[in-house]
Amino acid sequence: MTKKITISVLLLIFTITISYSQSRDKKLGLRYSSDYALFQGEGKFVYNPTVGHKLGLIKENGSLTLGGELGYFNFSPKEEEFYYLTSNTTYGTAKYSDYKILSLNLIFLWNLQVNRNFQIKPGVHSGYYFVMYETSISDDFVNSTESFISGRGGITPTIEFHYALNENWSIDAHSMYHIFFEIGNSDPSSVNFNSSLGIAHRVWSNGLGITYFF
């Protein structure tokens, strides 16, 4: 008797799941995701991890998912002041403001269908990162404050795992490695001169998303 009930429940769950698994080919989806992000490289010693938010519009078309996405991250410094050695006996101090990132990316993903509900989507996000932060340095030789507001090109390798709840809603887990690099001109006489041209900054993020297809 127990075995029959168990089989009946499993069959019911399977039937409901299949009934929800309808094609979303060529439908538009509005997607929100929240990501736990960590600076990589030298930035991880200065900035705390943070939670970022992204809102995008996607379109599934056969084996591809294409779209665009707007994201925002705000990294706070780990300390109010950082100290560095200027000689054997003296120290300088450095202060950092919040590091704010506003990103605008195009989305290119491949749809690998595992079953009627589950998809794996590897691909890339590529676009523009607008960065804002401020640094202050004070020691026996220099006392300065600099504000940085700059645009950076970016490419983000991505892996996403999607599960369709029904014909309109799906949820996903994803991991992204954001690489955004300094852009501008290497000519010192140019108005767009950037002495840090080509230097890459890296952020690793993992998160959850939800999409509504209409």
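No lab work stands behind these numbers, since they all come straight from the coordinates. What you see is a predicted model; the values in this text were computed from it and never measured. Neighbour counts run over all protein chains shown; Cβ positions are idealised from the backbone, glycine included.
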Mind listing which GluC sites (Glu not before Pro) in the range 19-101 are in a DSSP loop and have 14 or fewer other Cβ atoms within 10 Å? Glu79, Glu80, Glu81
Phi-derived 3J(HN,Hα) across the range 203-214 with the Karplus relation (6.51, -1.76, 1.60, θ = phi - 60°), rounded Hz, x for Gly and Pro, is 9, 9, 9, 9, x, 10, x, 9, 10, 10, 9, 9
List, in order, the whole-Hz ³J(HN,Hα) value for each residue of the range 87-97 obtained from phi through the Karplus relation with A = 6.51, B = -1.76, C = 1.60 and θ = phi - 60°; use x for Gly and Pro. 7, 5, 10, 10, 10, x, 10, 10, 10, 10, 7
Where a Cα-Cα gap under 19 Å defines reach, which aspartates and glutamates qualify for Lys27, not counting those fewer than 8 residues away within the same chain? Glu60, Glu69, Glu160, Glu167, Asp172
Footprinting proxy, Ser76, Ser97: sorted fewest to most Cβ within 10 Å, the residues are Ser76, Ser97
Amide H of Asn48: which non-local residues (sequence gap of 5 or more, or other chain) have their own amide H closer than 5 Å, using H built in the peptide plane? Ser76, Lys78
Counting only residues 5 or more places away or on other chains, whose amide H sits under 5 Å from the amide H of Thr86 once H atoms are built in the peptide plane? Tyr91, Gly92
Exceeding 26 Å between C-alpha atoms, which entries from my cross-link table qualify? They are Lys54/Lys121; Lys44/Lys95; Lys59/Lys100; Lys54/Lys95. Lys59/Lys100; Lys54/Lys95
In Hz, Karplus ³J(HN,Hα) per residue of the range 162-175 (6.51, -1.76, 1.60; θ = phi - 60°; x = Gly, Pro): 10, 10, 7, 7, 7, 5, 10, 10, 9, 10, 8, 10, 8, 10
For the range 74-144, the Debye formula with one identical point scatterer on each Cα and no solvent gives log10 I(q)/I(0) at q = 0.13, 0.15, 0.19, 0.28 Å⁻¹ as -0.63, -0.70, -0.85, -1.15
Using modelled amide H (1.01 Å from N, peptide plane; none on Pro or chain starts), what sits under 5 Å from the amide H of Gln40, excluding residues fewer than 5 places away? Arg202, Val203, Trp204
